[in-house]
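Bear in mind these aren't lab numbers, they're just calculated from the coordinates by the rules spelled out. No experiment lies behind these values; they were computed from the predicted model shown.
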């Protein structure tokens, strides 16, 4: 036969108070697990976002390295010398087609060229399309 302590112990585990305490503990554990899972989910999303950003930055780095190689090449120096400094190779003749200035072909005087610069932009377009 069970002793008095065993009966009280059994009665406590079968009581409503134990059920409420156990239910409260289960809810607490479930909420804690849910919060930890959501936190883990956020960290994984951040890791994915950062990995994508790393890939983009690596691609940009490669693009920048290609641009740097081109800028350091002789082709870039030659292009800039031709376009910005109006330089040319020895023995080369330059002609600007469709523009106002033409070297070694037009024979225009400097005053004629200055007059053509003082024309309004719409009139330049009109002459470009209709006075060929």
The stretch 4-77, Rg to Rh (Cα coordinates; Rh as Kirkwood inverse mean 1/r): 1.70
Contour excess over end-to-end distance, with Cα ends at residue 38 and residue 15 and 0.36 nm allotted per residue: 4.8 nm
Gained length - residue 27 relative to residue 61, 0.36 nm times residue gap less alpha-carbon distance: 7.2 nm
